[in-house]
Amino acid sequence: MRIILTGASGMLASDVVPKLKQQRHEVVGCDIAPRDAAVKKIDVAELKGIRAFVKEHQPDYFFHFAAETDVDRCEKEPDHAYRVNTIGTENIALVCQEFQIPLLYISTAGVFGGEKPEAYTEFDHPNPANVYGHSKLQGEVIVRQLLTKFFIIRAGWMVGGWAIDKKFVYKIVQQIKEGKKELRVVNDKFGSPTFTKDFANNLMNVIETGRYGIYHMTNKGSCSRYDIAVKIVEIFGLQKKVKVLPISSAEYPLPAPRARSEMMHNYHLELIGLNKMPHWEDSLKEYILTNKNK
C-alpha cells in the first residue's frame, strides 16, 4: 500500500513510519518542517500543494498526522490553530474526496471538556475546553461531512520520539538527569497516555478491518501528571533521592484552560476485539529504560 503521511517529522510518525515500512508499505512523507531529505516540505493549509502532491504520488491511503499541538500557542493564536488544524484537515479531506482516497485523521482527547468522572468513550459527546480542542474537533466534523471512507483515531497524552519529544515525560526525565531533587507536579488533571510505539504496533490492525469510524487508541489505565512523575522516579530507582510534590494546577497558570479529565477508554476497539494496547505503566518503563542513556 502506498501511503501519503503528513507530519512525517513528528513524534507519532517517528514510530509509525518505520513500522509501516517494516510491514512493507510505501510511505511518502511530508511535513511543514522536514527533518530529513526524504520528507517533502508541504503546508497542509495550502490546498494547491496538497492536490499536486496527491496527483504526483497517487496514494492508496492518506494518513493525516500533521497538527499544531501546542495547546497554549493555539489559545494565543487561534487563527493559526484553525488554519492548521481545521482548514488543513478540510483541504486534505477535499482532496481525498476528489481522488476517492480513504483517510486516517489523528485527533485528540482534547475534544472532551473533562466533566465526566469516568473515562470518555467514542459514544460520548465532545465539548472542548480550549481552542486547540475546538480546532481538532472541527477537523473531525469536516472529515465526517466530506467522506464515507475514514478513520478518526483519537490519541491521548502522547509519549514518544525521545529527543524530539518536547512533552511532559521527556521534560521530567531531563530534570532528573540534571540532578533536581524536588519535582513539583500537577495532580488534579487526569488523562490516558498514548505511547507512539504501541500506537504504531496496533494501527494497521485497525485500518485493515475496513471498519470506518471513530476510535480511541490510548494505553490502558489512566493517571495524573503527578502519577507519571512518581513512576518515572521509581523506574530510575531514585525514590529516596528525588521528591515528587503534588501541586494544584492553579499554582501553574497557563494561557489555555485544561480539562480536568482527558481520560479515554478504547471502547470501540474493545467491542471488536482489537484493544491490543498495553498498560501505560509497562510502556513507560520500557520507553525510559530503552532511551535513558541517549
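Only the Cβ atoms of Lys and Arg (+1) and of Asp and Glu (-1) were treated as charged; on that basis the dipole of segment 20-145 about its Cα centre amounts to roughly 440 debye. Calculated FRET efficiency, His57 to Lys294, Cβ-Cβ distance, R0 = 45 Å: about 0.85 to the nearest 0.05. Loop-resident chymotrypsin sites (Phe, Trp or Tyr not before Pro) (DSSP state other than H, G, I, E or B) in segment 106-149 with no more than 16 further Cβ atoms inside 10 Å of their Cβ: Phe123.
Note on Asp72 and Lys240: the model spin-label points, each 7 Å out from Cα along the C-beta direction, lie 3.7 nm apart. Per residue of the chain, the DSSP helices (runs of n ≥ 4 H) give a summed -39500 (n - 2.57) that works out to -11000 deg cm²/dmol at 222 nm.
Under the simplified labelling scheme, the Gln22-Lys41 pair shows an inter-label distance of 3.2 nm, with each label point 7 Å from Cα along Cα→Cβ. Phi angles across segment 146-151 convert, under the Karplus curve 6.51 cos²θ - 1.76 cosθ + 1.60 with θ = phi - 60°, into 3J(HN,Hα) values of 8, 10, 10, 9, 8, 10 Hz, Gly and Pro given as x. Counting neighbouring Cβ atoms within 10 Å and putting the fewest first, the residues Ser249, Ser192 line up as Ser249, Ser192. If you take the Cα centroid of segment 183-225 and the Cα centroid of segment 14-85, the two points sit 20 Å apart. Helix 225-235 and the longest principal axis of the C-alpha atoms of the chain enclose an angle of approximately 70°.
Close amide H pairs (under 5 Å, H built 1.01 Å from N) link Val28 with Ile3, Ile4, Leu5, residues at least 5 positions away or on another chain. Extension gain, Phe123-Ser248: 0.36 nm per intervening residue step, less the Cα-Cα distance, totals 42.0 nm. Relative protection proxy for 214-225, 236-247, from highest mean packing down: 214-225, 236-247 (other beta-carbon atoms within 10 angstrom). With a cut-off of 13 Å between beta carbons, the residues surrounding His80 carry a summed charge of -4, where Lys and Arg count +1 and Asp and Glu -1.
Here the chain carries DSSP beta bridges of which approximately 5% are antiparallel, counting only pairs with both residues inside.
Please list 78-90, 270-282 highest first by mean number of surrounding beta-carbon atoms within 10 Å per residue.
Highest to lowest by the protection proxy: 78-90, 270-282.
Here is the link list: Lys19/Lys76; Lys21/Lys292; Lys166/Lys240; Lys171/Lys241; Lys243/Lys276; Lys197/Lys285. Which ones come out longer than 24 Å on Cα distance? The pairs that break the limit, which is 24 Å between Cα atoms, are Lys19/Lys76; Lys21/Lys292; Lys166/Lys240; Lys243/Lys276. For the peptides 253-262, 67-76, residues were scored by their other Cβ atoms within 10 Å and the scores averaged per peptide; the highest-first order is 67-76, 253-262.
The numbers here are math on the coordinates, done by the rules we state, and not lab data. The structure displayed is predicted, hence computed values, not measured ones. Every residue, glycine among them, receives a Cβ derived from its backbone with ideal geometry; neighbour counts consider all protein chains shown.
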